[in-house]
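Nothing in this text is a laboratory measurement; each read-out follows from the coordinates by a stated rule. What you see is a predicted model, and the numbers here were worked out from it, not measured in a lab. Positions of Cβ are backbone-derived with ideal geometry, glycine not excepted, and every protein chain shown enters the neighbour counts.
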Amino acid sequence: MKLLITANSPGEVAWIRPLAEQIVARGWSCDVILYPCTFATGQEAEVLRAYPGVERVWPKQSLLSLFWKEGRRYPPGTPLIHLGGDLMYTAFFQRRFGWKCWSYLWARPWWDGAFTGYFSRNAQSTGGLLRRRVATRKILEVGDLVVDSVNFQVPELPPQDPHLITFLPGSRDEEIRHALPLFSRAAEILRETRPELRFQALLSPFLSLQRLGDLLGRPVDSRMDHAGGKLVGDRYVCRDGLEVQVIQEQSLLHEARSVLALSLPGTKTAEAACLGVPCLTIVPLNCPEVLPVHGLLGLLDWLPGGSHLKGRLLLRQKHRVGLLAQPNQLLGRALMPEMVDFLSARDIAAQTAALLACPEELQEKSLLLRQAFQALAGASEKMLEAVRSSCSPRWSRGA
């Protein structure tokens with residue numbers, strides 16, 4: 001039987017992989033609808049077509065034809081799991097074609113009537129749905145798809161290297177262009193007293209080395225502290241000779257070997273925690289206009305001069321943002337530090353050195369983080385079982 005799934009960026013595409021494995025195991029298949037997203041790389045459809053069980057991918061350019069005509073190929077009652085993108089699109093599809101829709105983690109009161117139910121991560125996640133006026137009877141706690149995705153890619157943890165630090169500079173051009181040189185400059189400073197340290201940067205496999213070289217060859221904004229460097233093969237070589245290994249394949253396996261990660265906020269902080277890698281989350285406000293932002297603020301990037309307005313608003317809100325790292329949000333406290341300010345590389349190096357100076361404490365945090373996230377494993381199986389049991393007998397027999 002056919003299942004529909006919506007996604008919009010690399011994070012949600014990664015979540016589909018464990019779902020796809022479960023779908024195939026049940027003898028089902030799925031089609032994926034991609035919604036517009038500022039975080040998308042443009043390679044999502046290509047990745048999805050290689051997943052088992054995925055028979056068709058509808059790119060964002062096809063949304064209009066899907067809504068007006070092509071959506072009729074999926075009869076009323078077809079189940080859909082909304083993993084990412086604006087809930088508005090799914091609500092419009094449901095009202096036009098009568099699909100049976102579930103949303104993972106997200107809800108809006110004005111679209112609630114379009115959804116049969118909601119999947120939450122845990123009690124904390126359920127609380128967020130309740131605050132959006134979702135009825136308790138419509139919520140099912142299933143766990144975290146991030147954990148399933150990480151466990152699929154790294155079924156067994158490799159030995160940890162106490163001298164290896166991972167950089168997670170993000171996937172967008174401006175993130176890479178500014179964060180990797182900033183993190184590398186901090187590495188240069190760290191190596192002055194810790195010459196045994198080694199560094200690696202995890203980047204999207206769909207970013208060619210030529211493209212990466214072009215990005216890193218551009219001048220870095222003068223407000224951002226950075227290491228002058230260039231890409232040589234698969235290494236970012238800094239001015240003092242420091243080399244940062246660039247990893248694009250089996251990135252989570254390589255990350256699992258590290259003792260610490262330096263990261264921008266995002267799903268990558270949760271992936272690191274699943275692997276037991278503590279993460280120092282960094283938000284340099286030196287160039288706030290280039291930072292990616294969800295919601296209404298993010299829409300300013302599409303307006304002339306909007307990114308600079310977004311930057312000014314971010315600076316005003318820096319003391320009111322709360323916890324940004326997903327592991328800290330899960331635990332409800334800042335287990336690992338978060339640095340949100342105008343930052344120099346020396347600031348980052350000092351905080352990193354302080355963490356490395358307490359290896360026993362870092363190891364305790366590693367175990368706590370992994371345990372907290374592994375308790376949320378199994379979401380993909382629970383979601384599909386809930387969909388099966390809630391669908392019509394005809395659909396269930398066909399499945």
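Summary table below
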quantity	calculated
Pairs of lysine residues in the chain - Cα separation under 22 Å, sequence separation of 8 or more or cross-chain	13
Sites LEU368 and ARG72, calculated FRET efficiency, Cβ-Cβ separation with R0 35 Å, nearest 0.05	0.10
Extension reserve of the SER389-GLN43 stretch, reckoned as 0.36 nm per residue once the Cα distance is removed	121.2 nm
Per-residue ³J(HN,Hα) for the stretch 97-112, Karplus 6.51 cos²θ - 1.76 cosθ + 1.60, θ = phi - 60°, Hz, x for Gly and Pro	10, x, 5, 9, 10, 10, 10, 9, 6, 10, 7, 9, x, 6, 10, 4
Residue-by-residue Karplus 3J(HN,Hα) for the stretch 57-63, coefficients 6.51, -1.76, 1.60, Hz, glycine and proline x	10, 9, x, 4, 5, 9, 4
Karplus (6.51, -1.76, 1.60) ³J(HN,Hα), θ = phi - 60°, over the stretch 250-258, in Hz, Gly and Pro reported as x	6, 5, 5, 5, 5, 4, 4, 7, 8
HIS226, HIS254, HIS82 arranged by Cβ crowding within 10 Å, fewest neighbours leading	HIS254, HIS226, HIS82
Fewest-first ranking of TYR236, TYR51, using other Cβ atoms within 10 Å as the exposure measure	TYR51, TYR236
Potential lengthening between ALA334 and ARG56 on full extension [0.36 nm per residue; Cα-Cα distance subtracted]	95.9 nm
Distance (nanometres) between label positions extended 7 Å along Cα→Cβ at ARG346 and LEU253	4.1
Estimated FRET transfer efficiency (PHE206, THR136; beta-carbon r; R0 45 Å; 0.05)	0.65
Other-chain or far-sequence residues with amide H under 5 Å of ILE282's (modelled H)	SER263, LEU264, MET339
Simple Cβ-charge dipole of the chain, Lys/Arg +1 and Asp/Glu -1, about Cα centre, in debye nearest 20	1800
Rounded Å value of the spacing that divides the Cα centres of the stretch 134-201 and the stretch 343-394	11
Counting DSSP beta bridges with both ends in the chain, the antiparallel % (nearest 5)	15
Per-residue [θ]222 nm for the chain (sum of -39500 (n - 2.57) over DSSP H runs n ≥ 4, rounded to 500)	-12500 deg cm²/dmol
Compactness index (Cα Rg / 2.2 N^0.38 Å), the chain	1.01
Rg ratio (alpha-carbon, reference 2.2 N^0.38 Å) - the stretch 81-128	1.09
Positive-end extreme of charge dipole, the chain - chosen from PRO75, ALA354, LEU197 (charges on Cβ)	PRO75
Net charge contributed by nearby residues that have their C-beta within less than 10 Å of ARG133 (K/R +1, D/E -1)	+2
Fewest-first sequence of THR78, THR136, THR281, THR267 by Cβ atoms within 10 Å of each Cβ	THR136, THR267, THR78, THR281
